[in-house]
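So the structure is just underneath, and the comments pick up after that.
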Ligand SMILES: Nc1nc2c(ncn2[C@@H]2O[C@H](COP(=O)(O)OP(=O)(O)OP(=O)(O)O)[C@@H](O)[C@H]2O)c(=O)[nH]1
Ligand SMILES: [Mg+2]
Ligand SMILES: [Zn+2]
């Protein structure tokens, strides 16, 4: 019996089975040895896509077991269920996240984008926002809305681009973004995550929603997270869409630090412990009033403060 421990990366998570890419480039399926719990983190998925793990492989019956998780460089977290204390780890050890948003079929609210950005800010994970299905922006109202989205995020230093799942220009743009990196694609169900991956690497042939019966609600075509090697170098993680992006329990006064445009102004608030709500001499509120901070961003901030209060009561 060979019981040496080796290291691998989790590239697929389905229920109790985990697919691992070994250091030697082999792909094997493993179960979990006993219970693996990370200190202080109550998560619904003990092992996430992208995790580096140690495993034991038993040649005799061709079976593997995950023994431990190596420390994570970073991860993206969201609450598994609203106002619960359980988390879901979307992915671990990534170089960047691509957040796919759409204005129609389905509609991605600004608040959802803000929260995703905050979750990534907590670990300094770079995010590129792709405003996808650009071909659907065919009314003045939609065009204006897209322009709003672009300016809100560009003004505070985030990269946001218009894309479409079917054009060569988008393919080129996204290939350049993905090449040589490990990237996570996030967003609501139906925004076109799997379609974009097929666009840049058609050999992958990922399952995508049918155009004919796609209602705009999102049907969860992708049902488990999987990491794919890209033919032009790098790895991409396709995951099931998610609609809510409630975040983990920050300290109250920590939240504004994850909004870059607030972080830069906090030191000008009159009070050290300013929550940027009712206090006089608040630099953040002044910037919102003068239009330097987008109202939508401040609104998300206030929502997160309220959630923080409610969460601390349960
Ligand atoms: N008009 C238009 N439709 C698109 C575009 N990209 C994707 N779609 C369509 O949107 C639907 C959903 O695409 P998917 O790629 O399955 O979406 P997904 O984000 O992977 O969804 P989940 O796997 O459920 O999370 C499909 O019918 C696609 O053909 C686009 O740029 N324009
Ligand atoms: Mg999909
Ligand atoms: Zn303030």
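Values in this text are rule-based calculations from the coordinates and carry no lab data. Just so we're clear, the structure is a prediction, and the values are computed from it rather than from any experiment. Cβ placement follows ideal geometry from the backbone for every residue including glycine, while neighbour counts extend to all protein chains displayed.
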Revision key, fill the gap. Percent antiparallel among DSSP beta bridges confined to segment 128-255, rounded to 5, stands at 35
**Study point:** Quotient of Cα Rg and 2.2 N^0.38 Å for segment 252-313, N being how many residues it contains
**Key:** 1.05
Review point. In whole angstrom, how far apart do the alpha carbon centroids of segment 263-283 and segment 119-167 sit?
Key: 29
Check your understanding: If R0 is 41 Å, what FRET efficiency do you get for residue 290 and residue 166 from their C-beta distance, rounded to 0.05?
Key -> 0.50
Point to revise | Rounded to 5, the percent of DSSP beta bridges in the chain classed as antiparallel | key: 60
Check your understanding: Taking only C-alpha pairs under 8 Å that are 6+ residues apart, what is the relative contact order of segment 5-69 in percent?
Key -> 35
Study note, to complete from the structure: Stretched fully, the stretch from residue 22 through residue 231 gains (0.36 nm per residue minus C-alpha distance, one decimal, in nm) 73.4 nm
**Study point:** Whole-angstrom Cα spans of segment 79-238 along principal axes, big to small
**Key:** 41, 39, 33
**Study point:** Kirkwood Rh in Å, taken over segment 5-69 so that all alpha-carbon pairs contribute
**Key:** 11.8
Check your understanding: P(r) of segment 139-224 in 10 Å steps, Cα pairs, percent per bin?
Key -> 15, 40, 37, 8
Check your understanding: What whole-number value in cubic angstrom gives the convex hull volume per residue for the C-alpha atoms of segment 172-314?
Key -> 171
Review point. For helix 295-313, what angle does its Cα long axis make with the longest principal axis of the chain, in degrees from 0 to 90 and rounded to 10?
Key: 60
Practice item. Compute the Rg to Rh ratio over segment 1-130 from the alpha carbon atoms, using the Kirkwood formula for Rh, and round to two decimal places. Key: 1.04
Point to revise | Stretch gain in nm, segment residue 312-residue 54, where the contour uses 0.36 nm per residue and the Cα spacing is subtracted | key: 89.3 nm
Review point. In degrees from 0 to 90, rounded to the nearest 10, what is the angle of the helix 140-155 Cα long axis to the longest principal axis of the chain?
Key: 80
**Study point:** Between 0 and 90°, nearest 10: helix 110-121 axis offset from the chain longest Cα axis
**Key:** 60
Check your understanding: Based on the Cα coordinates of segment 61-115, what is the per residue volume of their convex hull in Å³?
Key -> 188
Revision key, fill the gap. Summing -39500 (n - 2.57) over every DSSP H run of at least 4 in the chain, dividing by its residue total and rounding to the nearest 500, the 222 nm mean residue ellipticity is -7500 deg cm²/dmol
Check your understanding: Spin-label point model (7 Å from Cα, Cβ direction): what's the residue 107 to residue 136 distance in nm?
Key -> 1.2
Revision key, fill the gap. Dividing the alpha-carbon radius of gyration of the chain by 2.2 N^0.38 Å, where N counts its residues, gives 1.07
